[in-house]
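The next block holds one structure in the form of structure tokens; read it before the comments.
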Amino acid sequence: MVVTVTLNPAVDQTLFLDGLAVGEINRARASQLDPAGKGINVSRVVDRLGWPTVAFGFVAGEVGEIVRRALDAEGVQQHFVTVPGQTRLNVHVVEEWQRQETSIHAPGPEIAQEHWRELHGLLDFWLRAARVLVLAGSIPQGLPDTIYADLVAEANRAGVKTILDADGEPLRLGVAAKPYLIKPNADEAAALLGRPLTDLPAILAGARELCNQGIRVVVISMGAQGAICAEGKQAWRVTPPPVEAHSNVGSGDSLVAGLAVALSRDEPILEGMRLGTAAGAATAMTPGTALGTASEVQALLPGVQVQELT
């Protein structure tokens, strides 16, 4: 089973327009609502790939109920703690003529310690059934930046493999706790290492350096250029098949979902890279903040390219 934690979920509203006129009334051609947050997206894709998963986190207000209902409709098992306030509503404006997207991310509710203790108790129980724990996304107000590091340490003691997908201070502190796998993008990895990663050799060197800090697997994503994966002394570049991309929202989460499924099955990491890369490409093909389907992932899987790096 894959357990995901999304401490600061959201609902993504995507508005499709021909073009955005700032300061004027704009009428959208279409609109869609999707439950969002990195861990939630991971659970949704894991479920589509046919593997058991449970999503955990906090929800608040009417927007939080949209998250619950959407996951119920998809059949994704969930255990959210209800807190005061309002879950984030993020707005994405897609200008189709210019082929560009503008995103506005709202703040989430502040989390009280009593609500964290309730969620922590649920996680402590469900970790006994988990093979993989995915910790992903931003930390809401009221919780310390050490929270991912603490959960990594608990999962390590329980023999559960952890995947950490965060940035900034939560990522830095989480790495010190030695998760099984981390998946920063190139910019996040550069910030973590304190130097620019401007080309493939620099990204590869960065991934190897992070492996030497006690991380079993380091995956650095590079968008349409694929990802670098380092495990011990081995490293690969995995590239998706060419697709017509409509949005990059959720592609990294889809990559994490493939990795989580493979780790949960005790498969080699390259199987997870292939599956996750196909899932990321499938999501890139979808409009707005929608995610790829299982049939799309299977169709793209044969086109994933793997190159061993020395």
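The numbers here are math on the coordinates, done by the rules we state, and not lab data. Please read all numbers here as calculations on a predicted model, not as lab measurements. Every residue, glycine among them, receives a Cβ derived from its backbone with ideal geometry; neighbour counts consider all protein chains shown.
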Item to complete: Would you list, by chain and number, the aspartates and glutamates whose Cα falls below 18 Å from the Cα of LYS178, excluding same-chain residues fewer than 8 positions away?
Response: ASP145, ASP150, GLU154, ASP165, ASP167, GLU169, GLU188, GLU209, GLU231
Response to the item:
Descending packing, highest mean Cβ count within 10 Å first, for 17-26, 162-171 is 162-171, 17-26
Discussion item. Taking every DSSP beta bridge with both residues inside the chain, roughly what % is antiparallel (nearest 5)?
Written reply: 45 percent
Worksheet entry | Relative contact order of segment 121-177, defined on C-alpha pairs under 8 angstrom at six or more residues apart (%) | 43 percent
Worksheet item: If the viscosity is 0.692 mPa s and the temperature 37 °C, what translational diffusion coefficient in µm²/s does Stokes-Einstein give for segment 265-310 when Rh comes from Kirkwood over Cα pairs?
Response: 290 µm²/s
Response to the item:
Whole-Hz Karplus couplings 3J(HN,Hα) for segment 67-76, θ = phi - 60° and coefficients 6.51, -1.76, 1.60, Gly and Pro as x, run 4, 4, 5, 5, 5, 4, 5, 8, x, 8
Response to the item:
Of all DSSP beta bridges with both partners in segment 101-239, the antiparallel percent, nearest 5, is 50 percent
Worksheet, complete the sentence: One finds the C-alpha centres of segment 215-246 and segment 118-146 to be spaced, in Å, by 26 Å
Discussion item. Once you keep just the Cα pairs under 8 angstrom separated by 6 or more residues, what percentage relative contact order results for the chain?
Written reply: 16 percent
Worksheet item: Counting each DSSP H run of 4 or more residues in the chain as -39500 (n - 2.57), what helix-only mean residue ellipticity at 222 nm follows after dividing by all residues, to the nearest 500 deg cm²/dmol?
Response: -11500 deg cm²/dmol
Item to complete: Note down the nm distance, to one decimal, between modelled labels 7 Å out along Cα→Cβ at ALA245 and at ASN156.
Response: 3.4 nm
Discussion item. If amide hydrogens are placed 1.01 Å from N in the peptide plane, which non-local residues have theirs closer than 5 Å to the one on GLN78?
Written reply: ALA55
Worksheet item: Counting DSSP beta bridges in segment 29-176, what percent are antiparallel, to the nearest 5?
Response: 30 percent
